[in-house]
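Take a look at the structure below.
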């Protein structure tokens, strides 16, 4: 399946953003990205971020934020101002996934957030790391145990690399959750926990063409590096060069 849109998770260039926010956003646009995955944290730094996004002709279809024990009205108002349509919770730490009761509590928070998000014309989603795949209850991954408890409008942003690191077959997982998956994090590498070994898309072990074909309802593919041993701007440019020819929008 072709990519409808290609975005960059700005966490990839977080160190550069700390040094020069507006200059970094400009460099992302110079690479060719027209979409970015922003965050409530970046938005909260002040108007410079939103100004830089707009000045460089970028849009932010997704925004990331914790959706647990936060001011949801503030988060969703920020998403509206950014022009996002979905707010994705990208990090519920591993220690909160130990029991099925833990998973139920996370689901309750996401469901509450989804109801509030609807008042703002937004959706919410969840993004996985490896631990939601390693942890299993009655043979079912914690991630899918979570999905079983979520309202139908809550979507998934599947980090395909972390699915593989967590020991699951990525294509099988995507096939089982085909109705939920709207976003993908696309990263590559040797499939291990060493973040500095991550590689641009197409240069590692991830079957990216097959992954894209497995997601019929995909809205955005998101390039991300947790770390990169080289020049991060060269890394995001290499991923863009590999993935952008697949974009149809």
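Bear in mind that the values in this text are calculations on the coordinates, not laboratory data. Bear in mind that the values here come from a model prediction, so they are computed numbers and not experimental data. Reconstructed Cβ throughout: ideal geometry from the backbone, glycine too, with neighbour counts over all protein chains shown.
Key figures
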{"quantity": "Span from the the range 161-175 Cα centroid across to the the range 69-108 one, whole angstrom", "calculated": "22 Å"}
{"quantity": "Mean Cβ neighbour count within 10 Å, used as a protection proxy, ranking 46-54, 94-102 highest first", "calculated": "46-54, 94-102"}
{"quantity": "Structure-based [θ]222 nm, the chain - -39500 (n - 2.57) summed over DSSP H runs of at least 4, per residue, nearest 500", "calculated": "-11500 deg cm²/dmol"}
{"quantity": "Average Cα contact separation per residue, the chain, under 8 Å, 6 or more apart, as relative contact order %", "calculated": "23 percent"}
{"quantity": "Anisotropy class of the range 1-79 from Cα gyration tensor, a/c 1.5 cut", "calculated": "oblate"}
{"quantity": "Gain on full stretching of the segment that runs from residue 176 to residue 151 - 0.36 nm per residue minus C-alpha separation", "calculated": "7.3 nm"}
{"quantity": "Antiparallel content of DSSP bridges confined to the range 6-246, in %, to 5", "calculated": "10 percent"}
{"quantity": "Tensor-based shape of the range 114-165 (alpha-carbon gyration tensor, a/c under 1.5 rounded, otherwise prolate or oblate)", "calculated": "oblate"}
{"quantity": "FRET efficiency, 1/(1 + (r/R0)^6) with R0 25 Å, evaluated for residue 120 and residue 14 via beta carbons", "calculated": "0.40"}
{"quantity": "Alpha carbon convex hull of the range 146-228, volume per residue in cubic angstrom", "calculated": "89 Å³"}
{"quantity": "Cα centroid separation - the range 193-249 against the range 1-59, whole Å", "calculated": "16 Å"}
{"quantity": "Cα gyration tensor shape of the range 182-248, rounded if a/c is under 1.5, else prolate or oblate by comparing a/b with b/c", "calculated": "prolate"}
{"quantity": "Shape parameters for the chain, alpha-carbon atoms, Rg then Dmax in Å", "calculated": "17.0, 51"}
{"quantity": "Stokes-Einstein D (µm²/s) once Rh is taken as the Kirkwood radius of the range 79-183 over alpha-carbon pairs, at 10 °C in 1.306 mPa s", "calculated": "114 µm²/s"}
